[in-house]
Amino acid sequence: MLKIENLLVKIGQITVEVSDLLVRRGEYMVLLGPSGVGKTLLLYSIVGIVRPVRGKILLDGKDITYEKPEKRNIALVPQNFALFPHMSIYDNIAYGLRVRGVPENVIREKVLEISRMLRIEHVLDRKPSQISAGEAQRAALARALIVRPSVLLLDEPLANLDPETKMRAIELLKLIHRSANLVTLHVTHDICEALLLADKIAYMYEGKVVFVGEPDEFLRTSFARPYVRLLASIDNIINLRERVESR
């Protein structure tokens with residue numbers, strides 16, 4: 001369980017204030033809102049890259065507000081995937097285990113296992129510049145998941161994918177989330193992503209979380225009006241969501 005209490009974070013002109021936010025284990029929460037409202041900054045404070053001015057970040061009841069990032073057991077997949085360009089995909093995925101001192105034979109077994117699950121075993125010898133955006137996304141997910149995190153943070157992970165690859169990625173994210181029983185917090189400004197993936201939507205506006213609830217509840221709020229106009233058909237989105245969840 002990830003819980004945020006009375007949090008205030010500032011970087012330059014961006015301020016984020018979250019009085020109370022709870023993401024339970026096994027819950028997929030989408031953090032939705034316009035660009036520039038501080039969604040990424042909130043993720044960076046949770047993972048420990050940015051220190052808050054005040055407040056608490058609790059993981060399974062433990063205060064981790066000022067813990068070092070490597071001590072938090074939280075994985076972040078940034079928007080650009082941040083794969084090391086000079087390393088092979090194998091070495092990228094293995095990196096987190098190597099810095100933890102895991103023996104090489106165990107690392108190899110785990111890298112092969114997760115690469116098969118994510119269907120990227122054919123690119124393990126390649127560099128990031130030699131693979132597709134969809135493969136890079138799966139490699140970044142593999143690197144995050146191989147260390148068995150308690151929390152998975154995703155910063156617009158589908159933003160650079162074509163529509164067909166994005167739908168496959170949505171199905172993959174659902175599968176990973178269900179099988180690993182993670183606390184997942186996914187940042188986007190795309191309403192379709194939110195409706196297809198979220199158990200809960202947290203809506204951010206002007207640096208504050210102003211709504212938390214189920215997708216159907218969100219669609220009935222005034223915050224949803226600008227998004228609803230972008231949807232060709234709510235029914236189509238609901239049908240797509242049912243298809244994703246049935247897999």
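The values are calculated or read from the model by the stated rules, or taken from the named source; none is laboratory data. The shown structure was predicted, so the numbers you read here are calculated from the model rather than taken from an experiment. A quick note on method: Cβ atoms are made from the backbone with ideal geometry, for glycine too, and the neighbour counts reach across all protein chains shown.
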Might you let me know whether segment 148-158 holds any residue that is among the hydrophobic types (A, V, I, L, M, F, W, C), assigned by TED's automatic domain parsing to the domain that holds LEU31 and farther than 25 Å from LEU59 by Cβ?
-> yes
Residue count for segment 44-60, restricted to those that are assigned to a loop (DSSP other than H, G, I, E, B) and either within 17 Å of the chain's Cα centre (by Cα) or farther than 17 Å from MET1 by Cβ (or both) | 6
When you go through GLU135, GLU109 one by one, which is the residue that is in a helix (DSSP H, G or I) and free of Cβ contacts under 8 Å to residues at least 12 places away in the same chain?
-> GLU109
Can you name every residue in segment 159-169 that is closer than 17 Å to ILE120 by Cβ and of a type in the set (A, V, I, L, M)?
-> LEU161, ALA169
Taking GLU104, is it among the charged types (D, E, K, R), under 21 Å from HIS177 (Cα atoms) and over 20 Å from the mean Cα position of the chain (by Cα)?
-> no
Within segment 3-39, work out how many residues are aliphatic (A, V, I, L, M), over 23 Å from ALA159 (Cβ atoms) and under 16 Å from the mean Cα position of the chain (by Cα).
-> 1
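Can you confirm whether LEU161 is modelled with pLDDT under 95, in a helix (DSSP H, G or I) and either surrounded by 20 or more Cβ atoms within 10 Å (Cβ to Cβ) or not polar (S, T, N, Q) (or both)?
So LEU161 does not fit the description; no.
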Answer with yes or no whether VAL102 is surrounded by fewer than 18 Cβ atoms within 10 Å (Cβ to Cβ), outside any loop (DSSP other than H, G, I, E, B) and not acidic (Asp, Glu).
-> no
Residue check for ASP63: over 19 Å from the mean Cα position of the chain (by Cα) and without any contact (Cβ under 8 Å) to a residue 12 or more places away in the chain = yes
Go through segment 171-247 and tell me which helices (runs of 4 or more DSSP H), entirely inside it, have 1 or more residues that are in contact with a Ser or Thr (Cβ under 7 Å, 6 or more places away or on another chain) and at pLDDT 85 or above.
-> 191-197
For segment 142-152, does any single residue satisfy the condition of being assigned to a helix (DSSP H, G or I), among the aliphatic types (A, V, I, L, M), at pLDDT 90 or above and touching a strand residue (DSSP E or B) at 6+ places or on another chain (Cβ under 6 Å)?
-> yes
Is it true that some residue in segment 2-12 is under 22 Å from HIS189 (Cβ atoms), part of a loop (DSSP other than H, G, I, E, B), not assigned by TED's automatic domain parsing to the domain that holds VAL187 and not hydrophobic (A, V, I, L, M, F, W, C)?
-> yes
